[in-house]
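Just below is one structure, and these are the notes that go with it.
The values are calculated or read from the model by the stated rules, or taken from the named source; none is laboratory data. This one's a predicted model, so the numbers in the text were calculated from it and none came from an experiment. So basically every Cβ, Gly included, is an ideal-geometry build from the backbone, and we count neighbours across all protein chains shown. To get the accessible areas, we keep the full protein, side chains included, count just its heavy atoms, and leave off ligands, DNA and RNA. Shrake-Rupley method; radii C 1.70, N 1.55, O 1.52, S 1.80 Å.
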Amino acid sequence: MIGTGYVGLVSGACFADFGHVVTCVDKDASKIEKLLKGEIPIFEPGLDDLVAQNVREGRLFFTTEPTEAIRNADAIFIAVGTPSRRGDGHADLSYVYGAAEEIADLIQGYTIVVTKSTVPVGTGDEVEKIIKKRRPDADFAVVSNPEFLREGAAIADFKRPDRIVVGTDDERARELMRELYRPLYLNETPILFTERRTSELIKYAANAFLAMKITFINEIADLCEAVDANVQEVARGIGLDNRIGRKFLNAGPGYGGSCFPKDTLALMKTARDSGAPIELIETTVRVNAARKQAMAHKIAEAMGGDVSGKTVAILGLTFKPNTDDMRDAPSLDIIPALVAEGARVRAFDPEGMHEAKGMLRDVEFAAGPYECVQGADAVAIITEWDQFRALDLARVKAALKAPVVVDLRNIYNPAEMAAKGFTYVSLGRSHGSIQTQERPSNQQNPPVEPQVFAQRRPNQTPATPRSGPYAGQLHAEIEG
Ligand code: NAD
């Protein structure tokens, strides 16, 4: 396994767990040093135990020196990074090509070289050319095997994937790939064998589609705010249709992370360069970028429009829960926009702060969620970590200078938040605000009328309290 990052380490550990002997190679000596000491350089639930067990049982090894590992391998996976190339959005393939050169110089006997990194169409052809040029005598096949795991659930995704995609027309390579994935094959996981170029495109098409689905529900959330509808119920109502499906329909602050932003850009670039631009993806990229800025505006609006000199507490920095990955996290756009408006920002994240400290300037980091909200003028939830779903709200309210909660993940119930006296802003749930306007009958003179509002476009009238069909009915929770 060349590259021992989020994908390489998880794939390596899982292949070892399937019974294969795996050596994970990385150029980053500090990563390998940690792994050799039994430490896991990233946060991924369950990975520490899986690695420890397979190391103990003599199937999983780590090194910075690839020679032996490559010489002895039947299959070599390339799992190095393919970040966006500065300037044009194309995938930077220098790490992939660098790995191909190293592999070329060392392979012995029939070997398959499998690209697990996400790479644009035609990269496999290029890898093949590089190896052939350096080693005209080599007996090898280049295979595409894109990875679909999600950080935070990576082990389960690797061991119980929806499908495995393998791109090659080499029969021996197919056999070897079947053997490598044998435990899954026996479990009837579909293995899609296809052409290499098609396999490469499947990965981009999948990520672009999911990014588009997220962006779609985000725009529907905006519409819900404009027309007093509830995005969670819309999502449930459409998601129960099997043709649409329920996943990736949670409104949020815009997609981020190590894959969707760079992969949508790279697909856009490939499509344009090939004379077949994909307008849906171009629009998705544009809408998503604008949304992150709009979220900073939403927080400011909830605080009365001017954040200058005010303190905003931010809960959650990583692009999603259960990872320490900060790459292209929405917080990296939202926080600087607030700071630029003069806000003081104090942030807390259970796993992401170490990374975030090198990426965010002018931010104070807190030791925990309650320290974070202490004395703040508002709190914004950007990442839905479990511990933020179960906050002691009385304690939060007592700690805040003003009881303003901006929930960019819709993890709280608007009615309950209003009943607790918060000014609560969430995404696309105007009906939540309507229900909360109803006063409990035993409460004669509530001290402060709780205010719940959604961000509105300037020409819109505010939501009017309404009884009727939604009275007393809580918004539908999305399951799963
Ligand atoms: P990463 O940055 O975490 O890890 C890449 C590793 O490769 C680094 O540790 C780097 O030091 C190492 N490396 C680079 N060149 C090397 C070389 N020549 N020899 C040895 N090591 C080398 O990246 P990642 O998140 O694991 O992503 C890897 C690929 O998988 C990318 O193409 C990504 O798009 C794709 N992918 C990522 C995810 C995800 O959730 N992170 C999911 C599916 C696919």
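What to note about this one:
This table checks each residue for (1) surrounded by 24 or more Cβ atoms within 10 Å (Cβ to Cβ); (2) within 16 Å of the ligand (Cβ to nearest atom).
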position	(1), (2)
Gly309	no, no
Ile314	yes, no
Leu332	no, no
Glu341	no, no
His354	no, yes
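- Single condition Arg182 does not satisfy, out of (1) under 17 Å from Asp17 (Cα atoms); (2) without any contact (Cβ under 8 Å) to a residue 60 or more places away in the chain; (3) loosely packed, with under 14 Cβ neighbours inside 10 Å: (2)
- Filter result for Ile103 (modelled with pLDDT of 95 or more and either open to solvent by 10 Å² or more (accessible area, probe 1.4 Å) or near the ligand (Cβ under 10 Å from one of its atoms) (or both)): yes
- Some residue of segment 63-76 being buried (at least 16 other Cβ atoms within 10 Å of the Cβ), under 11 Å from Thr23 (Cα atoms) and polar (S, T, N, Q): yes
- Summed over segment 18-63, residues that are closer than 23 Å to Asp74 by Cα, free of Cβ contacts under 8 Å to residues at least 40 places away in the same chain and within 12 Å of the ligand (Cβ to nearest atom) total 4.
- Hits in segment 114-133 (condition: away from the ligand (no atom under 13 Å from the Cβ) and either within 28 Å of Met268 (Cβ to Cβ) or out of contact with any helix residue (DSSP H, G or I) (no Cβ under 6 Å at 6 or more places or on another chain) (or both)): Val121, Gly122, Gly124, Asp125, Glu126, Glu128, Lys129, Lys132, Lys133
- Among the residues of segment 78-94, the one identified as near the ligand (Cβ under 10 Å from one of its atoms) and over 22 Å from the mean Cα position of the chain (by Cα) is Ser94.
- Some residue of segment 193-213 being in a loop (DSSP other than H, G, I, E, B), modelled with pLDDT of 95 or more, surrounded by fewer than 21 Cβ atoms within 10 Å (Cβ to Cβ) and touching a strand residue (DSSP E or B) at 6+ places or on another chain (Cβ under 9 Å): yes
- Scope segment 225-248; condition within 18 Å of the chain's Cα centre (by Cα) and either surrounded by fewer than 16 Cβ atoms within 10 Å (Cβ to Cβ) or within 16 Å of the ligand (Cβ to nearest atom) (or both); matching residues: Lys247, Phe248
- Summed over segment 370-405, the residues that are surrounded by fewer than 22 Cβ atoms within 10 Å (Cβ to Cβ), within 26 Å of the chain's Cα centre (by Cα) and part of a loop (DSSP other than H, G, I, E, B) give a count of 3.
- For segment 1-15, a residue qualifies if it is near the ligand (Cβ under 8 Å from one of its atoms) and part of a loop (DSSP other than H, G, I, E, B), and the qualifying residues are Gly3, Thr4, Gly5.
- Where Ile217 falls short, out of the listed (1) open to solvent by 50 Å² or more (accessible area, probe 1.4 Å); (2) more than 15 Å from the ligand (Cβ to nearest atom); (3) touching a Leu at 6+ places or on another chain (Cβ under 9 Å): (1)
- Test: Ala173 is out of contact with any Gly (no Cβ under 8 Å at 6 or more places or on another chain) and either closer than 26 Å to Val21 by Cα or not in a helix (DSSP H, G or I) (or both): yes
- Pick from segment 121-155, criterion open to solvent by less than 40 Å² (accessible area, probe 1.4 Å) and under 29 Å from Gly352 (Cβ atoms), ranking: nearest to the chain's Cα centre (by Cα): Glu151
- Scanning segment 145-170 for residues being outside any loop (DSSP other than H, G, I, E, B) and within 11 Å of the ligand (Cβ to nearest atom) gives a total of 3.
- The helices (runs of 4 or more DSSP H) falling completely within segment 249-362 that include 2 or more residues that are in contact (Cβ under 8 Å) with a residue 40 or more places away in the chain and not basic (Lys, Arg) map to 260-273, 279-302, 331-340.
- Failed item, numbered, when Thr111 is tested on (1) more than 31 Å from the chain's Cα centre (by Cα); (2) of a type outside the set (A, V, I, L, M, F, W, C); (3) open to solvent by 10 Å² or more (accessible area, probe 1.4 Å): (3)
- Filtered residue count, segment 249-272, keeping only those that are closer than 24 Å to Glu147 by Cβ and either within 13 Å of the ligand (Cβ to nearest atom) or open to solvent by 60 Å² or more (accessible area, probe 1.4 Å) (or both): 14
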